[in-house]
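The values are calculated or read from the model by the stated rules, or taken from the named source; none is laboratory data. Since this is a predicted model, take the numbers as computed values, not measurements. Ideal geometry is used to build each Cβ from the backbone, glycine not excepted, and the neighbour counts take in all protein chains shown.
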Amino acid sequence: MRSSYQGATDVLLDLSIVAPVFNEQDTIVELVRRTADTCNSLGKSWELVLVDDGSADDSLRMIEGAIDKYAPHVKCIVLAGNFGQHAAIMAGFQKSSGAVIVTLDADLQNPPEEIARLLVKMDDGFDVVGGVRSDRNDSLFRRAASAIVNRAARMIGGSTTSDHGCMLRAYRRPIVNAMLQCTERSTFIPLLANVFARRTADVPVEHAARSTGQSKYGLWQLINLQFDLMTSVTTLPLRLLGVLGVAIAFGATGFGALIAIMRFVLGSEWAANGVFSLFSVLFFLIGLQFVAMGVLGEYLGRVYGDVRARPRYIVSDVLESDGAPPSTVHVKASSAKRMVEAGR
């Protein structure tokens, strides 16, 4: 078994499946078998990239057996520790070499057979196709948490994707290459992909009950995921501080004006001998503090954007003349389809 880790730079295959693995020893064999059967039935060249994210059980041994049995289609990246699902997926992206890359959970709650449904939608010219879990077999807590995450993603990131918690998603190679150029440590892959994708779509996919083990996303992990979602795509929370400060300052100014008018109309006793005036001044100063924090946040947001070092733009269309006379000019287009500015 050859051990190497070199990022793929060329498209060598039709399809890559990337699956992060963390303590999934009971599902590895079935996962690989069903994924292989599905990919073979599609008639495409394929690979399955498993990423062992610091498993403490026998997952790695099961993966080694699958590599021997399904060589050369199955490969594995072994991470030095548990870095989290999204970091593991990025490691899998780096190793993949397919024109289309599909991410898949190793717990088999999203059946590998649904990959075909994503690819059919991709054939319509979409850059990213996300699965939407139908008839979810999850607890009420998990469904409620997913609803919160999806709503936050639409509000904060402007995403049109319906189910960000579903890992069964398909990406075209230019989108994955663009994400690999982003250097931030914390990221939320579905929203990051939407930054570079021009056309996205959803398709309903089956969702099976978890047959063994427990979900790796507890309450604390879901809270961390929510913070990653907010901070990886927008500086809106920082900007809201300035908006809140302006609102408080204007409200305090209006309150102070009202107190001054009522003092002359009803006398100083109505204003509690200046106590209300003191409150208006206090609220005004609080508002100024929030404005200052908002301005500071604007600068921090710009520093944050520069530190992430995302590509400023992605060139994916080149239109040029082939040298023929103007009356018979033909346009030659590259294999990609668009030029997208990364910061939109």
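Considering region 43-60, the residues that are more than 29 Å from R185 (Cβ to Cβ) and touching a residue at least 24 places away in the same chain (Cβ under 8 Å) include one that is nearest to the chain's Cα centre (by Cα), namely W46. Contact map, region 17-29: first residue free of Cβ contacts under 8 Å to residues at least 12 places away in the same chain, second residue buried (at least 24 other Cβ atoms within 10 Å of the Cβ) and outside any helix (DSSP H, G or I), Cβ cut-off under 9 Å, separation 6 or more or different chains; the map is empty. Looking across region 82-139, the residues that are among the hydroxyl-bearing types (S, T, Y) and within 25 Å of V195 (Cβ to Cβ) come down to S96, S97, T103.
Pairs meeting the criteria (first residue in region 246-261 and closer than 15 Å to L282 by Cβ, second residue of a type in the set (S, T, N, Q) and crowded, with 17+ Cβ neighbours inside 10 Å, beta carbons under 6 Å, at least 6 apart or on different chains) are A252/S280; F255/S280; G256/S280; I259/S277; I259/S280. Where helices (runs of 4 or more DSSP H) fall wholly inside region 185-304, the ranges with 2 or more residues that are at pLDDT below 80 are 219-233, 236-266.
Conditions tested, residue by residue: (1) of a type in the set (D, E); (2) more than 24 Å from C166 (Cβ to Cβ).
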| residue | (1), (2) |
| --- | --- |
| G54 | no, no |
| D68 | yes, yes |
| A71 | no, yes |
| N82 | no, no |
| Q85 | no, no |
| K95 | no, no |
| G98 | no, no |
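Is it the case that region 82-103 has a residue that's assigned by TED's automatic domain parsing to the domain that holds K44, touching a residue at least 12 places away in the same chain (Cβ under 8 Å) and more than 21 Å from the chain's Cα centre (by Cα)? Taking every residue of region 82-103 in turn, none turns out to be assigned by TED's automatic domain parsing to the domain that holds K44, touching a residue at least 12 places away in the same chain (Cβ under 8 Å) and more than 21 Å from the chain's Cα centre (by Cα).
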